[in-house]
Amino acid sequence: MLFGPEMPLTRVVKVAILILAISVTASDSPLWGWGPKAHRIVVDKAVDSLPPELRPFYSSQRGYLLDHVNDSEKTALTNRAEAVRHFIYLDRYGKYPFPLLSHNYNQARQQYGAYKLNRNGILPWYIGEYHLRLTQAFRAKNWDQVRETSAWLAHYVADATDPFRLTENYNGQLSGQNGIGERIEVSLFDRFSNFLLLRPSRPEYLKDPTEHAFEMALDNFVWLDNFLLADRRALEGAGGYTDVYFDHLYNEIGPMLSQEISDAVGSVGSYWYTAWVNAGKPPLPSQ
């Protein structure tokens, strides 16, 4: 494990990631993922899921978190180094569950080279790295940094539950379904978000934050074929991307969306909780 609570990135590796990420063009990264509303719902529900020791502090920061959970996505629109932190094209590493891809960043870099890793996205490794940043902020009792890092980390974690952040067919462009990412993760979600039945698990301590990020990605990658098939079925007889299309699509994948968002909520809470525990459970301000 490289990105995690015990093994931060070396300065050399950080510089290599930054330089190589700059070479990644906008066309190499997903155009769509969970929309802003989805990320705000995830962070809002994650605050409510926290144990009593953490909930008062995060409740007092709820407004900030809701306002800033999408800041990293806005930065990614113009910053190529940031863009590669929001996705990983798992299907460029063979067949599911991609056993040849090491979850240890140093080993993966030796296998494929830093240039290829960056072109294919570094989301799970960066979640581990950002979790370390949150741990350090808790340890330093830098509460402004804690809330900012918590917001950015929550966005990355939710990205790892989005199948279209995990595949090179990120917007249906490889299967003749252009725009599917936007249709499902933004348009459909915004239409039906009030009907989703969210049942997030309680936050739990994560022994290996980087490995958990890979587990999230693998668990949610399997939904991809279901989404692609549902899109084709919903379009049949709908006369285009009409209300009929979206109604049919939601009937097909509504439970899957509920499961993915629930997973995101539970995992965000777990990352916040684990960082606080690893920092030694410092006393928290209530405001």
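Short-range pairs are left out: with C-alpha atoms under 8 Å and at least six residues apart, the relative contact order of region 90-238 is 29 percent. Per residue, the chain reaches -17500 deg cm²/dmol at 222 nm when only DSSP H runs of four or more residues are counted, each adding -39500 (n - 2.57).
What number does region 215-285 give for Rg over Rh if you use C-alpha atoms and the Kirkwood radius? Numbers along the way, then the final one.
Details: Rg = 18.5 Å, Rh = 14.7 Å.
Radius of gyration over Kirkwood radius for region 215-285 works out to 1.26.
Candidate cross-link partners of Lys37 among the lysines, defined by an alpha-carbon separation under 18 Å and a same-chain spacing of 8 or more, comprise Lys45, Lys74. Restriction of the trypsin sites (Lys or Arg not before Pro) in region 167-253 to DSSP coil positions whose beta-carbon has at most 14 other beta-carbons within 10 angstrom yields Lys207. Here's the list of lysines a cross-link from Lys116 could span, going by alpha-carbon distance under 16 Å and ignoring same-chain residues fewer than 8 apart: Lys14. Cut-off under 17 Å on the C-alpha distance; same-chain residues fewer than 8 positions from Lys95 excluded. Which aspartates and glutamates are left, in chain and number order? Output for Lys95: Glu168, Glu215, Asp219, Asp225. Remark on region 41-99: Rg and Dmax equal 16.5, 45 Å (Cα only). Each Lys and Arg adds +1 at its Cβ and each Asp and Glu adds -1 at its Cβ; summed about the Cα centre, region 28-151 shows a dipole of about 260 debye. In whole percent, what relative contact order does the chain give with Cα contacts below 8 Å and a gap of six or more residues? RCO, the chain: 29 percent. Length available on full extension from Lys281 to Glu236: 0.36 nm per residue minus the Cα-Cα distance, which gives 10.8 nm. Multiplying the residue separation of Tyr64 and Asp44 by 0.36 nm and removing their Cα-Cα distance gives an extension gain of 6.1 nm.
With viscosity 0.692 mPa s and temperature 37 °C, the Kirkwood radius over alpha carbon pairs of region 140-219 converts through Stokes-Einstein to a diffusion coefficient of 216 µm²/s. Overall dimensions of region 90-209, expressed as equivalent-ellipsoid semi-axes from the Cα gyration tensor (√(5λ), whole Å, largest first), are 27, 24, 13.
Multiplying the sequence separation of Lys37 and Asp71 by 0.36 nm and subtracting their Cα-Cα distance, what value in nm do you get?
10.9 nm
Scanning the chain for GluC sites (Glu not before Pro) lying in DSSP loops with no more than 12 further Cβ atoms inside 10 Å, the longest uninterrupted stretch between such sites is 7-235.
Rule-based calculations on the coordinates, nothing more; no lab input. Just so you know, these numbers come straight off a predicted model, no measurement behind them. Quick reminder, even Gly has a Cβ in these numbers, built from the backbone with ideal geometry, and neighbours come from all protein chains shown.
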